[in-house]
1. Quick one: which residue in Glu295, Glu284, Glu245 is loosely packed, with under 13 Cβ neighbours inside 10 Å, farther than 30 Å from Val183 by Cβ and modelled with pLDDT of 90 or more?
2. Within segment 231-259, can you find the residues that are hydrophobic (A, V, I, L, M, F, W, C) and more than 31 Å from the chain's Cα centre (by Cα)?
3. Tell me whether segment 175-184 contains one or more residues that are under 21 Å from Lys242 (Cα atoms) and in a strand (DSSP E or B).
4. Working carefully through the options Glu105, Glu96, find the one that is at pLDDT 70 or above, within 29 Å of Trp133 (Cα to Cα), surrounded by 15 or more Cβ atoms within 10 Å (Cβ to Cβ) and touching a Pro at 6+ places or on another chain (Cβ under 7 Å).
5. Which one of the conditions (1) at pLDDT 95 or above; (2) exposed (fewer than 14 other Cβ atoms within 10 Å of the Cβ) does Ser115 fail to meet, given that it meets all the rest?
Amino acid sequence: MKKMSLKRWWLLYGFLLLSFLIIGKIAGLFHVVYRPVVIRLVQVIFYLFPAILLGNWLNSLFKRRRVWWVICMTFYGVAVLFNMLLFLLFFYVPEERGMRCGYLELVQGNFLQASTRSYAEPKAIFFMRPFQWDPEHDIHILQSTYQMQFTLAEDQGDGINRYIPEGYPDLAVRIYFYNRDGVTSDFQYKLTSGIVLDYCKEHQLSWNYEMDDYYEGNMEIHIDNDDNLEEYSADLAAIITKALEDPFFKSNQGWISVRIEEEHSSLGFGMPGSVPVDFYADQEHILAKLKELGER
């Protein structure tokens, strides 16, 4: 490589590096930053660029001395790879994971520290806009998860955001966790417990139950061994049959939690899971499960 040609390569290297930094600063004025995958790619390129230039210079220096060329290039190649690993280790960038709703999940952490998660909106292929979860972003991921419209519900006085699903004006859904596939919410719990309570009111049933302290609407029905399990199984089958008429359970799984003494189980229904969609709409299947719990 000629001297002028090598100088031009270094000028190109400096120009590209400066351009990358300037564009990043300008993007910051609009509250967007480079995506981690872009930063990692640029890191590799800007590390290998001078390494290749230096390797080319060493090649031209020792190419007429075969033995020295092999020794030099071997040591140089090992040194480049080793230093590249150290470079990538210490100049760590978050792991970028795509979410079904279109957002990005950024996982920050390595073997020396616990992982933390943050989130961002992708912008113009190479950029992203980090955000904190708020009603706008909550509604977007809820609509992506459940394929229906949501609106912000009135504050219940605890400062927690809840959202009203289209077609369910009496429900106020709360989000507990965010993940790549969507959210973990109490939609199913509140919808199912509402169906159970409406059925009990309509048929004048005085069942014992307990509401979970964590997930709002998460109900567990308490049954004694001395109770009439046939009647319970008939009512539970009727409740599940009614629940299966709700469009929500065409694409989402539901369950009713029951407890006999210290043993408990869930009667699943709706979207296919470990049992058929309507398995527990059959009284005999529920009765068998209740007897199994009572005999443990």
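The values are calculated or read from the model by the stated rules, or taken from the named source; none is laboratory data. Since we're looking at a predicted model, the values are computed, not measured. No Cβ is skipped: glycine too gets one built from the backbone with ideal geometry, and neighbour counts run over all protein chains shown.
1. Details: Glu295 fails: modelled with pLDDT of 90 or more; Glu245 fails: farther than 30 Å from Val183 by Cβ.
Result: Glu284 is the single residue among Glu295, Glu284, Glu245 that is loosely packed, with under 13 Cβ neighbours inside 10 Å, farther than 30 Å from Val183 by Cβ and modelled with pLDDT of 90 or more.
2. Residues satisfying the conditions are Ala234, Leu236, Ala237, Ala238, Ile239.
3. no
4. Details: Glu105 fails: touching a Pro at 6+ places or on another chain (Cβ under 7 Å).
On inspection, the qualifying residue turns out to be Glu96.
5. That leaves (1) as the condition not met.
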